[in-house]
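Read the structure below first, then the notes.
The values are calculated or read from the model by the stated rules, or taken from the named source; none is laboratory data. Bear in mind the structure is a predicted one, so any value in this text is a computation, not a measurement. Positions of Cβ are backbone-derived with ideal geometry, glycine not excepted, and every protein chain shown enters the neighbour counts. Accessible surface is based on the protein model in full, side chains and every heavy atom, while ligands, DNA and RNA are left aside. Shrake-Rupley method; radii C 1.70, N 1.55, O 1.52, S 1.80 Å.
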Amino acid sequence: AHRRRTRRREASRYGRLDLRRTARRWRRTGGEPLHLVRTRPRHRPRRLVVLCDVSESMRPYVTAFLHLMRAASVEAGETFAFGTTLTRLSPALRRRTPAEAVAEASVLVGDRYGGTRIASSLRTLIRSPHAELLRGAVVVVASDGWDTDPPERLAAEMARIARRAHRVVWINPRAGEPGYRPLVGGMAAALPHCDSVLPAATLAELAGVVDELSSTASRRPRGGTS
């Protein structure tokens, strides 16, 4: 998974010599330099923040995406659903079984299978106490990009998210269709602020999304597709 460097260090066969720990070892051996202690920076997985579109146009894909979101929550990620409003789902999706988690999440989302206001929902997140979750995170937006908010508003909110996030991945179930090109509307507005745009309509494509999120690849230039 994407990892970030922390301020802590851990023992390593190869790395920087830790003089303090080495001196403590030497005292145990009467001053004989039998062991050199080396350390390297400790890394930890980056937070995964998933935002899932639950509007009418996404109805065929919502259940599969909720299961993907549950996997993110179990790994201490954060998950949100949006239609016309934003709903935090992380606590519900951490239920013991997938069926319980998805059932409770479905109840919480009162605006599912309605309209879509992506820009407004992202703005709500950025202005909420949860905004700090975006800093240094891998942010995943699962949506077909159909938005009733003006494209320029979506572009502005995506730019704010991109400045905070380590990486922005947009998964779009329509992106795998023959001849698909994200040239109009919300998807065109969001594209310059994404590191990857991935298809997600089939199990094989969802597996590709998981592979992407598990990758340790460095950030790509924004504005392209994968």
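Anything in the range 157-174 that is among the small types (Gly, Ala, Ser) and either touching a Gly at 6+ places or on another chain (Cβ under 9 Å) or surrounded by fewer than 17 Cβ atoms within 10 Å (Cβ to Cβ) (or both)? List them, or say none. Please lay out each step first, then the result.
Step one: list which residues in the range 157-174 are among the small types (Gly, Ala, Ser), which gives 159, 162, 165.
Within the range 157-174, Ala159, Ala165 qualify.
Restrict the check to the range 201-208 and report whether at least one residue is under 23 Å from Gly136 (Cα atoms), part of a helix (DSSP H, G or I) and either open to solvent by 10 Å² or more (accessible area, probe 1.4 Å) or of a type outside the set (Val, Ile, Thr) (or both).
yes
Return yes when Gly145 is outside any helix (DSSP H, G or I) and more than 18 Å from the chain's Cα centre (by Cα) and no when it is not.
Taking the combined requirement at face value, the residue does not satisfy it.
Would you be able to say whether some residue in the range 30-41 is outside any loop (DSSP other than H, G, I, E, B), at pLDDT below 90, of a type in the set (D, E, K, R) and over 21 Å from the mean Cα position of the chain (by Cα)?
yes
Could you please find all residues in the range 171-200 being closer than 15 Å to Ala142 by Cα and assigned to a loop (DSSP other than H, G, I, E, B)?
Those that are closer than 15 Å to Ala142 by Cα and assigned to a loop (DSSP other than H, G, I, E, B): Pro173, Arg174, Ala175, Gly176, Pro182, Cys194, Asp195, Ala200.
Could you say whether any residue in the range 86-94 is in a loop (DSSP other than H, G, I, E, B) and modelled with pLDDT under 80?
Within the range 86-94, one or more residues are in a loop (DSSP other than H, G, I, E, B) and modelled with pLDDT under 80.
Would you tally the residues in the range 76-85 being in a strand (DSSP E or B) and closer than 19 Å to Tyr61 by Cα?
Of the residues in the range 76-85, 4 are in a strand (DSSP E or B) and closer than 19 Å to Tyr61 by Cα.
Hey, can you tell me all the residues within the range 95-121 that are without any contact (Cβ under 8 Å) to a residue 60 or more places away in the chain, surrounded by fewer than 15 Cβ atoms within 10 Å (Cβ to Cβ) and assigned to a loop (DSSP other than H, G, I, E, B)?
The answer is Arg96, Thr97, Gly110, Tyr113, Gly114.
Give me the pairs, please: first residue somewhere in the range 165-185 and farther than 20 Å from Leu122 by Cβ, second residue anywhere and open to solvent by less than 10 Å² (accessible area, probe 1.4 Å) and part of a loop (DSSP other than H, G, I, E, B), beta-carbon distance under 8 Å, and either six or more positions apart or on two chains.
Gly176/Ala200
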